[in-house]
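I am attaching a structure below and will ask some questions about it afterwards.
The values are calculated or read from the model by the stated rules, or taken from the named source; none is laboratory data. None of the values given here were measured: they were computed from a predicted structure. With ideal geometry, Cβ positions are generated from the backbone for all residues, glycine too; neighbour counts draw on all protein chains shown. Just the protein is used for accessible areas: all its heavy atoms, side chains included, with ligands, DNA and RNA removed. Shrake-Rupley method; radii C 1.70, N 1.55, O 1.52, S 1.80 Å.
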Amino acid sequence: MLNSETVVGVCGAGAMGAGIAQVAAQAGHRVIVLDQDEAALGRGRDGIAQGLAGQVKRGKLTEEESSAIQRRLSWTMDVGALSPCGLVIEAIVENPAVKTKLFQSLEAVTDANAVLATNTSSLSVTEIAKGLARPAHFLGLHFFNPAPVMKLVEVISGAQTDPKIAAESFALMQRWGKLAASARDVPGFIVNRVARPYYSEGWRALEEGAADAATIDFLYRDLAGFRMGPLELGDVIGHDINYTAAKTIFDAYGGKTRFKPSPLQAEHLAKKQLGRKTGRGVYDYAEGAAKPAMRFAETDSPLADDGIVFMQSDGRTAKAVSESTGKPAAVFDFATPAATAIAFAPSSDEARRAAITHAARAGKKAVELADRPGLLVFRTLLQLANAAGDAAADDVASPEAIDLALLNGVNYPFGPLQWANEHSLPRVVAALNAIADATGDAMYRPSSYFVEKAGQA
């Protein structure tokens, strides 16, 4: 049984492995960290020491507590040293054969009741377990980087995972101060599956000329409260990693169009413009490079809104609204009350001038977008909700767990299912159908989850 006396093993002393080791040690466990590289063990030890020193400096820990945590940690290159462990968490290279070989070695040295867990973010837990003698004692515990900071842990049961083991592991993660979310063993689990449209919609907006990159990222931050826009976030993650994750999930679902990778991001990958780590991605990080600037709309001839149709996006273009009403129209993107800008698409110059005037009167900056169905942020939120609805319909996780995962695994400002409910499910369904009709792209058709729920509303 997993309890406070359980000795915890961690395989891999990289950033993720060291972070998990720190979490377990801070929770009071004796922790043994294994790595095949002595230098990696040293870097992991130093990284934890620095992280704890930061907590001491911020008043989160005392010096004595920091020292006690470090005394609970030991470091080894010998897999046999993990024999006392009742739980071993692996955080090594994302290669199923390498992982399976490691777990076979662990089964040979640990007790028959020991729980073995993989921290994989994309590989099948069930497939890794096929090579093991004790698959009932194997599961996924997917931490998010940096593990000492990020609250979410996805708890993934493989096809043969003992439900009691999954329940004990879930409870242990909670005792470690984590927010645990149970997930079925599907490609991407919860977060890496549901979050795909955040990146793909940002790239598609850039491909279609919705606005320039800096303005696109600004609008995600300003209108909806995301911490980073999808393009700048991709630069931080690395487009090799981000694109590969997209393609892996796309392929794993047999080319399901909601997960289609961006061809423009693929071009960046081919040119080795991977983001911050190569000095160039969507943005230029070379010394002296100009800082990207947002583009705000201005007019020398303000116009009152008399005779102009102003409306929040319902999925239709401003041109379509104008044609249906017989009047000039300005369609506004989604925005929270805290937004400092108003983003819009106009059907005509008249509507453009009126929208800019409206923004100025409201004390906000105006951003003109290309007249695309669903605009930018609204379309992305709809697709995130769509992906979340699919996950709920496919029983990947409960609706509550899906929202919990997106709120705490990628720090979204609101859960996608919560947002859809608050926005009104019939409106969500209608807007998605409008975008699908206008684009001719079936990936925007509403999830069966929303169609059913909207019919009951």
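Return the long-range amide H neighbours of Glu90 (sequence gap of 5 or more, or a different chain), with a cut-off of under 5 Å between placed amide H atoms.
Distant-sequence amide H within range of Glu90: Cys11, Ala117, Thr118, Asn119.
Which whole-number percent gives the relative contact order of the chain, counting Cα pairs below 8 Å spaced six or more residues apart?
12
Please give the charge dipole size of the chain, origin at the Cα centre, charges +1 on K and R Cβ atoms and -1 on D and E Cβ atoms. Round to the nearest 20 debye.
340
Here is a follow-up. Give, in nm to one decimal, the length gained when the segment between Lys256 and Lys277 is fully stretched (0.36 nm per residue of separation minus the Cα-Cα distance).
My answer for the length gained is 4.5 nm.
Now, a different point. Report, to the nearest whole %, how much of the accessible area of the stretch 343-457 belongs to carbon and sulfur atoms, 1.4 Å probe, protein only.
47
Could I ask something else about it? With a probe of 1.4 Å, find how much accessible area the stretch 316-457 has per residue, and write the answer as a whole number in Å².
38
Give me the tail of P(r) for the stretch 1-154 as a percent: Cα-Cα pairs with distance above 23 Å.
Everything past 23 Å amounts to 32 percent.
Over the stretch 75-219, what is the relative contact order in whole percent, taking alpha-carbon pairs under 8 Å and six or more residues apart?
17
May I ask you to rank Glu63, Glu5 by accessible area, largest first, using a 1.4 Å probe over the protein chains only?
From most exposed to least exposed: Glu5, Glu63.
Further, regarding this structure: Going from the alpha-carbon gyration tensor of the stretch 64-218, what semi-axes, largest first and in whole Å, does one get by taking the root of 5 times each eigenvalue?
33, 20, 15
So how long is each side of the stretch 243-392 along the principal axes, counting just the alpha-carbon atoms, biggest first, in Å?
Taking the Cα atoms of the stretch 243-392, the three principal extents are 51, 46, 27 Å.
Right, next: Counting alpha carbon pairs within less than 8 Å and at least 6 residues apart, what relative contact order, in whole percent, applies to the stretch 106-168?
Normalised by residue count, the contact order of the stretch 106-168 is 32 percent.
Related question: Identify all lysines with a Cα-Cα distance to Lys178 below 16 Å; exclude those on the same chain that are fewer than 8 residues away in sequence.
Excluding near neighbours in sequence, the set is Lys151.
How many lysine pairs does the stretch 228-378 hold where the Cα atoms are under 20 Å apart and the two sit 8 or more places apart or on different chains?
Lysine pairs meeting both conditions in the stretch 228-378 amount to 7.
Counting only helical runs of four or more DSSP H residues, what would the 222 nm mean residue ellipticity of the chain come to if each run contributes -39,500 (n - 2.57) and the total is spread over all its residues?
-13500 deg cm²/dmol
Taking H as built 1.01 Å from N, whose amide H comes closer than 5 Å to the amide H of Tyr412, not counting residues under 5 places away?
Sorted by chain and number, the residues that satisfy this are Leu407.
Restricting attention to the alpha-carbon atoms of the chain, what are Rg (one decimal) and Dmax (integer), both in Å?
Expressed in Å, the Cα Rg and Dmax of the chain come to 24.6, 79.
Taking Cα atoms of the stretch 1-77, Rg/Rh with Kirkwood Rh, to two decimals?
Dividing the radius of gyration by the Kirkwood radius yields 0.97.
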